[in-house]
Structure formats: structure tokens, C-alpha cells
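The structure appears below as C-alpha cells.
Nothing in this text is a laboratory measurement; each read-out follows from the coordinates by a stated rule. Just so we're clear, the structure is a prediction, and the values are computed from it rather than from any experiment. All Cβ positions, glycine included, derive from the backbone under ideal geometry; neighbour counts span all protein chains shown.
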Amino acid sequence: MRHWYEQIDLLTSRGTLAPPSLEAARQVPNQTAGAPEGVAAAKSLDDLSHLGSVPVKKELAELWSMDLWTSPSGLNQFFSDPQVQRWKS
């Protein structure tokens, strides 16, 4: 019998922010993946952890994140959601 901890997938992503300002960029992850509904959706698809970062300087208009998942199909389903896609360019 396999246990959930026998397969943990690490997803890292880095990209240019799509929102027009840093303030807007700070709000989008909280409104999507960080909102209570987003957290519940991710956990229901076997997301164990999420860590993200938005820059403080306009010149560094990048976002990076790390996620730990126990289900690759859950990961794919979550990140294919148009609401989650909004914060990526």
C-alpha cells in the first residue's frame, strides 16, 4: 500500500507579472489561489503547501512560487483554472 508521502511533487514557477502595477500584482494571488475558496480547491486536489513572492520594486516585475503536491493530476487541474491563470503572463 502506497502512502501519500511516498510521492511528493515540487512545482516551481517564475514569470513576468501580468497585472499593470505591483499593487495589483500583490492582490491577484490573494484573490485567486490565496482566497479561502482557492485554498480549499487546492487542498481538495492534494496541494500540501504553497509559497509565493511578489517583488517590492517595479523593476523586478517577476513572481515566483513553490508548491508541494501529492497528485500531479490535481496540480494540473488547479493550474489550468482560468482564475488561477490570471496572475501569470
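For the stretch 4-85, report the translational diffusion coefficient in µm²/s to the nearest whole number, using Stokes-Einstein at 10 °C, 1.306 mPa s, and a Kirkwood Rh over Cα pairs.
Numbers: Rh = 13.3 Å.
Result for D is 120 µm²/s.
Provide the packing ranking of 15-25, 39-49, i.e. peptides ordered by the mean count of other C-beta atoms within 10 Å per residue, highest first.
Numbers: 15-25: 13.6, 39-49: 16.0.
Descending packing order for the listed peptides: 39-49, 15-25.
What is the calculated FRET efficiency for SER73 to GLN27, with r their C-beta to C-beta distance and R₀ = 30 Å, to the nearest 0.05?
0.55
If you place +1 on the Cβ of every Lys and Arg, -1 on the Cβ of every Asp and Glu, and leave all else neutral, what size is the dipole of the stretch 4-85 about its Cα centre, to the nearest 20 Debye?
Values: 5 positive and 10 negative charges, 67 e Å.
The calculation lands at about 320 debye.
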